[in-house]
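Q: Have a look at this one.
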Amino acid sequence: MSESEVKRIFVDMDGVLADFISGCSKMIGQPLKNDAEGHSEYDKRKPELTNKRLFRNLPPTVDMYELIAYIKHTHLPWEILSAAGSINRELVVFDKTKWIEQYVDPSIVVTCTFNGRQKAMFAKKGSVLIDDVEDNIDAWEKAGGIGILHVSAENTIKALKLLRNPVSLH
């Protein structure tokens, strides 16, 4: 895919820009695992944690600024696409928006879906989703978008560079 074919970049917040695991672990007072058990523990405590403003108080990931700088460098339109759930939804959306204003860019568009798979509603040819959840990437790609499974800013930037400047095999 050439640069002209990448038309818009959508970036997830939790796990890509905000360090959900360490922020949540700090708030519950014990390590939260990034697995089914950890997700279950979070789900049980969602009302409590969101009332304590979890999403407003998450720390940035260690390499967030590197990723944001590269995305801005592309000069492509981009926005935040994050799941906010239904529990305390208004508060979660507000807190995520304020977090993005503080740590990323006060003018960036923040769109919140109810769940991660619903992000696929925004997928179309030329749209890239950067997300740390494989199911979200799968749904995005099935809907016609390009998915990048985020593990680190370094790997995500490499993937974006390949999309924008593919190596010719000729």
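The values are calculated or read from the model by the stated rules, or taken from the named source; none is laboratory data. The structure presented is a predicted model; accordingly, all values stated were derived computationally and were not measured. Backbone-built Cβ (ideal geometry, glycine too); neighbour counts: all protein chains shown. Heavy atoms of the whole protein, side chains included, go into the accessibility calculation; ligands, DNA and RNA do not. Shrake-Rupley method; radii C 1.70, N 1.55, O 1.52, S 1.80 Å.
Q: When you look at LYS124, is it of a type in the set (Lys, Arg), part of a helix (DSSP H, G or I) and over 13 Å from the mean Cα position of the chain (by Cα), yes or no? Let's see the steps before the verdict.
A: Working: of a type in the set (Lys, Arg): yes; part of a helix (DSSP H, G or I): no; over 13 Å from the mean Cα position of the chain (by Cα): yes.
It is false that LYS124 is of a type in the set (Lys, Arg), part of a helix (DSSP H, G or I) and over 13 Å from the mean Cα position of the chain (by Cα).
Q: Residue pairs, Cβ under 6 Å, 6 or more apart or interchain, first in segment 62-89 and touching a residue at least 12 places away in the same chain (Cβ under 8 Å) and in a loop (DSSP other than H, G, I, E, B), second open to solvent by less than 70 Å² (accessible area, probe 1.4 Å) and among the basic types (Lys, Arg). List them.
A: Cβ pairs passing all conditions: ILE87/LYS46.
Q: When segment 25-38 is examined, which residues are found to be in a helix (DSSP H, G or I) and open to solvent by 100 Å² or more (accessible area, probe 1.4 Å)? If you could, list the steps in order and put the result at the bottom.
A: Just the residues of segment 25-38 that are in a helix (DSSP H, G or I), to begin with: 25-28, 36-38.
LYS26, GLU37, listed by residue number.
Q: To continue, here is another question. What's the number of the only condition in (1) assigned to a loop (DSSP other than H, G, I, E, B); (2) open to solvent by less than 90 Å² (accessible area, probe 1.4 Å); (3) not hydroxyl-bearing (Ser, Thr, Tyr) that LEU129 fails to meet?
A: (1)
Q: Of VAL133, VAL109, VAL151, VAL92, which residue is free of Cβ contacts under 8 Å to residues at least 60 places away in the same chain, of a type in the set (A, V, I, L, M, F, W, C) and touching a Gly at 6+ places or on another chain (Cβ under 7 Å)?
A: Working: VAL133 fails: free of Cβ contacts under 8 Å to residues at least 60 places away in the same chain; VAL109 fails: touching a Gly at 6+ places or on another chain (Cβ under 7 Å); VAL151 fails: touching a Gly at 6+ places or on another chain (Cβ under 7 Å).
The unique qualifying residue is VAL92.
Q: Moving to a separate point now. Kindly indicate whether SER22 is among the polar types (S, T, N, Q) and farther than 17 Å from ILE130 by Cβ.
A: Working: among the polar types (S, T, N, Q): yes; farther than 17 Å from ILE130 by Cβ: yes.
Criteria met by SER22.
Q: Go through segment 96-110 residue by residue and tally those that are open to solvent by less than 30 Å² (accessible area, probe 1.4 Å) and farther than 20 Å from LEU160 by Cβ.
A: 2
Q: Take ARG53 and tell me if it is on the phi > 0 side of the Ramachandran plot and charged (D, E, K, R).
A: Values: on the phi > 0 side of the Ramachandran plot: yes; charged (D, E, K, R): yes.
When the stated conditions are applied, ARG53 passes them.
Q: Now for a different question. Being free of Cβ contacts under 8 Å to residues at least 60 places away in the same chain, touching a Cys at 6+ places or on another chain (Cβ under 7 Å), open to solvent by less than 40 Å² (accessible area, probe 1.4 Å) and more than 21 Å from GLU134 (Cα to Cα) is the requirement here; does LEU58 meet it? Please lay out each step first, then the result.
A: On the way: free of Cβ contacts under 8 Å to residues at least 60 places away in the same chain: yes; touching a Cys at 6+ places or on another chain (Cβ under 7 Å): no; open to solvent by less than 40 Å² (accessible area, probe 1.4 Å): yes; more than 21 Å from GLU134 (Cα to Cα): yes.
Here the answer is no, as LEU58 does not meet what is asked.
Q: Out of LEU17, LEU67, which single residue is touching a Pro at 6+ places or on another chain (Cβ under 8 Å), open to solvent by less than 20 Å² (accessible area, probe 1.4 Å) and modelled with pLDDT of 95 or more? Don't jump to the end; show me each part of the working.
A: On the way: LEU67 fails: touching a Pro at 6+ places or on another chain (Cβ under 8 Å).
Residue meeting the stated conditions: LEU17.
Q: Could I ask something else about it? For segment 136-170, how many residues meet the condition of being open to solvent by less than 90 Å² (accessible area, probe 1.4 Å), in a helix (DSSP H, G or I) and modelled with pLDDT under 95?
A: 2
Q: While we're looking at this one, here's another question. How many residues are open to solvent by 20 Å² or more (accessible area, probe 1.4 Å) and farther than 16 Å from PHE20 by Cβ if we restrict to segment 71-87?
A: Residues flagged as open to solvent by 20 Å² or more (accessible area, probe 1.4 Å) and farther than 16 Å from PHE20 by Cβ within segment 71-87 amount to 8.
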